[in-house]
Every structure is written in C-alpha cells, then in structure tokens.
Amino acid sequence: MSGSVISGFEKALMPIAAKISSNKYLLAMRDAFSMVLPFIIVGSFFGIIEWVVIDPTGTIMGPDGMNWGGKITGLTGDAYLASAFVAKLKSLQGLCNLVVTIGFGCFSLLLVTAFSYRLGGIWGGDKFSTTLTSIACFLIVTPQSIGKVGGFSLDYFGNKGVLSALIVSTVASWVFVKLSNNKKIRINMPETVPPAVAQSFAVLIPVLITLGGFAIFAAFLSWYDVPPLNDLIYKIIQAPLMGFSQGLGFSLLYQFIVWFFWWFGIHGHNVTAAIQNTVYMPAQLANQAGTASYIFSNGFFEAGLMHIMGLVIAIFIFSKKDSWRAVAKLGAPAMLFNIQEPMAFGLPIVLNPILLVPYIIAPLANTVVGWLAISSGLVPIFKYVVPWTMPLFFGATIGTGSIAGGLLQIVWLIMDIFIYAPFVIASNRIKDADEETTDS
C-alpha cells in the first residue's frame, strides 16, 4: 500500500479524530477510562499470576499443564492436591484475587469516581464534591440486600455495571453542577468560616436535591417491582438481542463497536459488557453445559483478542520507526497474555488515523474466518471457559478442546500480520510529530 493511500486515509480521518477528541463529554469519558487503566493493567498481571502461574491445577503448576507443582513436590493425584504446597498456592491465589477484584470487580465504582471528577471539571463544578455526590447516587441505585445477608454484590460494581455507571455519573454530575452553580439555593457562610466548611454548606442543598432525586427513582423502581437500574438495562438490552445475536452481521457489528471504542481510547469490552454478559457469556455457558452449540460465544471473541499481536510482529518485521519498535518491544510481553493497553496507549493506536482501518478490519476478518471454520466443522465450538489472559494457541486449544482451535488462532495471527503490514510499511514514510520537531 503506497504512502499516498495512507496519506489519503490520514487526511480523511484526521478531521474525524479531531472532532471526536474535541468533544468535552467524550473526552471526559476517555480520560476517565484512562485514569482507571492502571488498575486494569495491574489487575490483569495479578490475574495472570493467579490463573496461569500459581493455580495448583493451572498451566504452570497443574498436572495437565507443565506440572511444575508435581515436579516440586514429587506428588501426584489427591496427594498433590492435599499437600501443604497446594495450600500455600491457594493462599497466594486469594491474595492475588484481592488485587484482581479491585481492578475488575470494582471497575464500575472506580469509573464513577473518575468520570464524575472529569465531568465536574468540564461543566464548571467543584470536582471533589461532584465526585462524592455521584458515588453516593451510584450506591443509592445499587441493590443493597443480597440474599439473606445484607451488602453489595460485586456484580453491580464490576464491568457489568459500566452502562449504569456512565448514566448515573452523567445525570448526577450534571444535576449537581447545575444546582451548585445556582446562587439562589447556595448557603453562604461568613468569611470567618474555614473554606472547607463554607464549601460544604454551599453544596448542601444541591447534594440534598440530587441524592433525594435518585432515592425517589430507586424507590419508584422498588414500589412497582421494576428491576434495579443495572438489571433493567440488561433486561432492555438482552430481550431484543437474544434473537439474532448468533447472526454473522450482528457479531461483526458488535466487534466493530468494541474496537472503535478502543481506538477512541475507551475500554470497548467494558462499554459493551451488557451485550457480552447477557448474550455471549450465556452462550458460552450453554456450550459448556452441552445444551447448545453456539458459534459466537464469549470464548470465541476472547480468542480473537490476540489480533494486536499481528501488529506487534508486523512492526518487528517491517517498521523502520525506532519509536514504534521500542513500544512493540515493551508491549510484546503483555500481548502474550492478551493485554493490549501498552500498545494501544504507547504506540499509540488510540486516535491514530493510520491504524484505524487495520485495527477494525483485523478482528472483523477473524470473526468471518472463525465463523466459516466452525460452521464447516473444521474447528469445534468454544465450549470451555478459559481465562482471557491465556496465551496464543493454548487458550483456543483448551477452549475448544481441540488442537484445531489453537491452529485457528495461528491462522488468525498470520492474517492479522498481513492486514497490518501494508499500513506499517506505509507509515515508515510518515514522520511522527516528535521526529518533525527534531528535524526542524
């Protein structure tokens, strides 16, 4: 692909990228996801340690894997599982799981904090007060009695609650900022009162009205036996989607939305978690239970996360940009476990017009080829639930219960390298901004 074609893409897409990035609301959303990003990355790494490295029955230690646990202890079977070594590994797993829970189980709560903080800033309110108000509103609409034991369920704080987190943050922040900027309802304290105390009284009525409004909304849902907000969103989304979610067209649209959000800098899988968890995860569980044979399932799409490894390899082979090669070297180890954030934000892929087309086309092409391979019987369905951090080849092999699944991932990888390669080659002719500054 010639440099002129890439330049054409750049000229056509740069105005779009600039327009999107200049929208304050979308920019606040992107920044919020970026602020939460370190927790996701750290949680991912601890997840790899928990699921792959120290799991007594996992890839490294397990008898069906590399069997390091058996080699270290000299035990097998029930004796190995009952050993003190396995007990210590399980204890370490529990500690790792605490970090994973912060990164993933509390993701929506962290998102409310980050997003409302940014919205408070762009809409002219007090950032800290806006954040606290939004968190309180999010807790109000979150069910607080789980079974016979009172408390909060992490199901409402994890990625399943992303849409409700975005909605609550937006509404609560907007209402609170509008009210707090209304001088007629502001309680003004004498100048001798400490600033922090004066500020707390200034926002007292706005906080009262905002929290009261959300409390009335939550009470209304309860009075009329309407599901809580998060469950209501799932019900509204799940009903119309279940009928055609297995169609190739819908699956391609789902993939397009996921990766376009990622290109913009927003965690696409968390934004679309309502679709994933109400449509494709049930399909995965039905496959595992043997009650259905769905082609498109959670495991199918998680196996395709590795398409960015095609970009990494294409950079190693074809790129002459020192900056790209340096980021690829740093990002490659993470991509072995399907963690793409170092590449997405370091290269960057985010808002990079040159990489938009292959970044979208690669997962779409993988979806079509995977659909053809499974529907023709060459590859079994993705039946078993496997951690999404499972490395290339092994994840799909275990997920399908067949080496054909791993070979499918290899085919995807080769395709992805060819898809990314022309854009990587052509980008050699386009100077980065920092290179232009150095030359001048």
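The values are calculated or read from the model by the stated rules, or taken from the named source; none is laboratory data. Not measured: the values here are computed from a predicted model. In this analysis, Cβ positions are derived from the backbone assuming ideal geometry, glycine residues included, and neighbour counts consider all displayed protein chains.
Things worth noting here:
- Conditions (1) without any contact (Cβ under 8 Å) to a residue 40 or more places away in the chain; (2) crowded, with 17+ Cβ neighbours inside 10 Å: number failed by residue 339: (1)
- Residues within region 353-395 that are among the polar types (S, T, N, Q), in contact (Cβ under 8 Å) with a residue 60 or more places away in the chain and part of a loop (DSSP other than H, G, I, E, B), tallied: 1
Yes or no, residue by residue, for (1) under 24 Å from the mean Cα position of the chain (by Cα); (2) assigned to a loop (DSSP other than H, G, I, E, B); (3) in the same structural domain as residue 268 (by TED's automatic domain parsing); (4) more than 29 Å from residue 179 (Cα to Cα):
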residue	(1), (2), (3), (4)
69	no, no, no, yes
72	no, no, no, yes
87	no, no, no, yes
97	yes, no, no, yes
116	yes, no, no, no
128	no, no, no, no
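- The listed residues are 374, 398, and the only one of them that is farther than 26 Å from residue 44 by Cα and surrounded by 22 or more Cβ atoms within 10 Å (Cβ to Cβ) turns out to be 374.
- Among all residues of region 408-425, there is none that is closer than 18 Å to residue 246 by Cα and either modelled with pLDDT of 90 or more or within 20 Å of the chain's Cα centre (by Cα) (or both).
- Residue among 176, 152 that is closer than 30 Å to residue 270 by Cα and touching a residue at least 40 places away in the same chain (Cβ under 8 Å): 176
- Pick from region 183-211, criterion within 16 Å of residue 129 (Cα to Cα), without any contact (Cβ under 8 Å) to a residue 12 or more places away in the chain and loosely packed, with under 13 Cβ neighbours inside 10 Å, ranking: nearest to the chain's Cα centre (by Cα): 208
- Lone qualifier among 308, 266 - being in a loop (DSSP other than H, G, I, E, B) and under 17 Å from the mean Cα position of the chain (by Cα): 266
- Filter pass, residue 18 being modelled with pLDDT of 85 or more and either under 30 Å from residue 118 (Cβ atoms) or in contact with a helix residue (DSSP H, G or I) (Cβ under 8 Å, 6 or more places away or on another chain) (or both): no
- Criterion (assigned to a helix (DSSP H, G or I) and hydroxyl-bearing (Ser, Thr, Tyr)) met by exactly one of 192, 278: 278
- Every listed requirement among (1) over 24 Å from the mean Cα position of the chain (by Cα); (2) assigned by TED's automatic domain parsing to the domain that holds residue 182 is met by residue 110 save one, (1).
- Qualifying positions in region 90-121 - among the small types (Gly, Ala, Ser) and closer than 20 Å to residue 45 by Cβ: 91, 94, 103, 105
- Scope region 31-59; condition surrounded by 16 or more Cβ atoms within 10 Å (Cβ to Cβ) and not in a helix (DSSP H, G or I); matching residues: 54, 55, 56, 58, 59
- Some residue of region 296-303 being part of a helix (DSSP H, G or I), charged (D, E, K, R) and buried (at least 23 other Cβ atoms within 10 Å of the Cβ): yes
- Some residue of region 252-263 being part of a helix (DSSP H, G or I) and farther than 26 Å from residue 31 by Cα: yes
- Checked against (1) surrounded by fewer than 19 Cβ atoms within 10 Å (Cβ to Cβ); (2) among the hydroxyl-bearing types (Ser, Thr, Tyr); (3) touching a residue at least 12 places away in the same chain (Cβ under 8 Å), residue 91 passes all but condition (3).
- Given (1) of a type in the set (Gly, Ala, Ser); (2) at pLDDT below 90; (3) in contact with a helix residue (DSSP H, G or I) (Cβ under 7 Å, 6 or more places away or on another chain), number of the condition residue 401 does not satisfy: (3)
- Residues in region 232-252 that are at pLDDT 80 or above and closer than 20 Å to residue 160 by Cα: 232, 251.
- Number of the condition not met by residue 63 [criteria: (1) at pLDDT below 80; (2) touching a Ser or Thr at 6+ places or on another chain (Cβ under 8 Å); (3) of a type outside the set (Ser, Thr, Tyr); (4) not in a helix (DSSP H, G or I)]: (1)
- Number of positions in region 156-182 that are of a type in the set (A, V, I, L, M, F, W, C) and over 16 Å from residue 229 (Cβ atoms): 4
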